[in-house]
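The values are calculated or read from the model by the stated rules, or taken from the named source; none is laboratory data. Quantities reported herein were computed from a predicted structural model and do not represent experimental measurements. In this analysis, Cβ positions are derived from the backbone assuming ideal geometry, glycine residues included, and neighbour counts consider all displayed protein chains. With ligands, DNA and RNA removed, areas are computed over all heavy atoms of the protein, side chains included. Shrake-Rupley method; radii C 1.70, N 1.55, O 1.52, S 1.80 Å.
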Amino acid sequence: MINLMNLNMEIAFFFSLIISLLSSLLFLHPRVPIGFVRIHIMICAIPPIIALLNIVISNGGDFGPWYLDSLAWLMTLFVLTIGFIIQRYSVRYLLGDRAYRKYFSLFTLTTGAAAVSWLSNDVRLLVLCWGVTLFGLTLLIRVNKKWQLTKIASDRSGRLFAISWIALLVAVLWLSQITGQWQLSHALSNSNLDKVNSWEGTGIILLLVLSVMIPAAQWPFHRWLIESMVAPTPVSAVMHAGLVNAGGILLTRFAPLFDGGIAQILLLILASISVLLGTGMILVQVDYKRQLVASTISQMGFMLIQCALGAYLAAIIHLIMHGLFKGALFLQAGSAVPHASSPKGITRWSFTSSIMGILVGLVFWLYAPGDGYQLISALILGTSFSLSWTHLVAFGDGWIGRMTGFILLGAMLMVYITVHSFFYELMYETISYGIQPPLIVVVPIICLLLFTCLLVAWIARNRSSVTFMIIYLWLIKLGEPKPDLVESHPTYLAQLLSQGGNKG
């Protein structure tokens, strides 16, 4: 049972969340001064603070339609904190925009609904709140209604989001009809899961996979995220930091359903394809925001690979770290990027980074060679270490710069170990490792990933070849929006000026 103090803290959280939403609605009134937005931001800071306190003191468990464990509070804290930071950033960034008031109301509604989704134990409430989140995101993409491109991008995203939401709705209705339970924790108990036969379980899992792949912008549904770049940068920031990675949370909640069958294998294959395509698009794109989009597609692919391998705790840690990192990158997307010339000896140091990455990955994999999750983790860790070594050490200016980079790399490694240990201690009783597909499937897919990476590296060294040009142009086309969303300049500004001239 939840004690009285926990109950009071949880009531205080929901009350503060309602107050923040009412504050955003009040700000819609034209007679409320623009300066009220700072008061609204202060009110929005209260729910994440209470969520943090609940992580510390809450004992978890059922509370009416809510399931308030450490994972639920952590995701709530994460989404609301990201939302607060981006709203605070938007106070000056969007000042003067016609949709200034509407933006803050939609933003508060979207992040608040996302937070409530992960606190919900009643699947009806979960589906409803997640639908509100997707609808709010659709409206945020088209918050600038005067620009035709945002309307087109919003309509296309909205249609895909509707498919995702319907898939989730059918999945939970199907599960509830079989088990006779609306409470997720009860429906996924062992006694109720025994009522789900193999083909029904496969059907439900396939619907769940479809419902998470669309918001995560995985191939072949990735283009909506590319086209959403016409939205304001703060909208892109919250989209990439706190909403597209929701698939990891959803799959973690429904983890007991996954049995290592065909649906899980399909998720592993499609996520692996997305990793390769996203990485390829990063290499050929010159637009900074499109590089960030391609990076998100690739990183969400890695997250879903972790889910497909039953490593849900690793996926949760991945989505949190990616969200914080990607949100920061989007908020500084307008900063100038200095041109860095390659230092002398870079080829030798880059070769060393490849060797270091292979050694780190090999040592990590040998620690548990029979575990598919350890194998993919070795690939991710080795690649990350190699890239970090290249940027921090290989590109260092002389021996002093490289030694500084080496020290920074060691410090980053210690921070990673500390953060990983903290999350593990916080959630190890809440999240367990699920059933992974057979190694006979996992190992070939991982070998294909490695082979493709080596093939890309070889092709990149032979840029005069016809193969390189074909792949290069194909990746360019893959990372571009459709022609009707390409505009040399925002024509809606010229339309507004002409309208103003006619009125004059």
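Are any of the residues in segment 135-142 over 17 Å from residue 224 (Cα atoms) and open to solvent by less than 10 Å² (accessible area, probe 1.4 Å)? Checked segment 135-142: no residue is over 17 Å from residue 224 (Cα atoms) and open to solvent by less than 10 Å² (accessible area, probe 1.4 Å).
Among residues that are more than 17 Å from residue 49 (Cα to Cα), surrounded by fewer than 24 Cβ atoms within 10 Å (Cβ to Cβ) and of a type in the set (S, T, N, Q), residue 70 is not included. Yes or no: residue 8 of a type in the set (S, T, N, Q) and surrounded by 16 or more Cβ atoms within 10 Å (Cβ to Cβ)? No, not satisfied.
Kindly list, by first and then second residue, each pair from a residue in segment 1-14 that is β-branched (Val, Ile, Thr) to a residue that is modelled with pLDDT under 85, limited to pairs with Cβ atoms under 6 Å and residues at least 6 apart or on different chains. Once the first residue is β-branched (Val, Ile, Thr) and sits in segment 1-14, its partners that are modelled with pLDDT under 85 give 2/61; 2/63. Residue under question is residue 185, and the condition is that it be under 26 Å from the mean Cα position of the chain (by Cα), surrounded by fewer than 19 Cβ atoms within 10 Å (Cβ to Cβ) and within 27 Å of residue 69 (Cβ to Cβ); does it hold? Answer is yes for this residue.
When residues in segment 130-141 are screened for being without any contact (Cβ under 8 Å) to a residue 24 or more places away in the chain and either within 14 Å of residue 250 (Cα to Cα) or of a type outside the set (A, V, I, L, M) (or both), 1 of them pass. Which residue pairs have Cβ atoms closer than 8 Å, lie 6 or more positions apart in sequence or on different chains, and pair a first residue in segment 55-74 that is under 16 Å from residue 113 (Cα atoms) and part of a helix (DSSP H, G or I) with a second residue that is open to solvent by less than 20 Å² (accessible area, probe 1.4 Å) and at pLDDT 80 or above? Taking only residues 6 or more apart or on different chains, the pairs are 72/118; 72/119; 73/51; 73/54; 73/119; 74/316; 74/320. Determine whether residue 127 is more than 24 Å from residue 258 (Cβ to Cβ), of a type in the set (Val, Ile, Thr), buried (at least 18 other Cβ atoms within 10 Å of the Cβ) and in contact (Cβ under 8 Å) with a residue 40 or more places away in the chain. No. Residues in segment 290-348 that are at pLDDT below 75 and of a type in the set (Lys, Arg) were compared, and the one that is farthest from the chain's Cα centre (by Cα) is 344. Filtering segment 27-40 to residues that are outside any loop (DSSP other than H, G, I, E, B) and open to solvent by less than 90 Å² (accessible area, probe 1.4 Å) leaves 27, 36, 37, 39, 40.
One residue stands out in segment 239-266 among those that are assigned to a helix (DSSP H, G or I) and farther than 20 Å from residue 120 by Cβ: the one that is most open to solvent (accessible area, probe 1.4 Å), namely 262. For segment 83-104, the tally of residues that are under 19 Å from residue 16 (Cβ atoms), out of contact with any Pro (no Cβ under 7 Å at 6 or more places or on another chain) and open to solvent by less than 10 Å² (accessible area, probe 1.4 Å) stands at 3. Applying the set (1) part of a helix (DSSP H, G or I); (2) without any contact (Cβ under 8 Å) to a residue 40 or more places away in the chain; (3) closer than 18 Å to residue 36 by Cβ to residue 96 leaves exactly one unmet item: (1).
When residues in segment 188-207 are screened for being open to solvent by 20 Å² or more (accessible area, probe 1.4 Å), closer than 14 Å to residue 255 by Cα, of a type outside the set (A, V, I, L, M, F, W, C) and in a helix (DSSP H, G or I), 2 of them pass.
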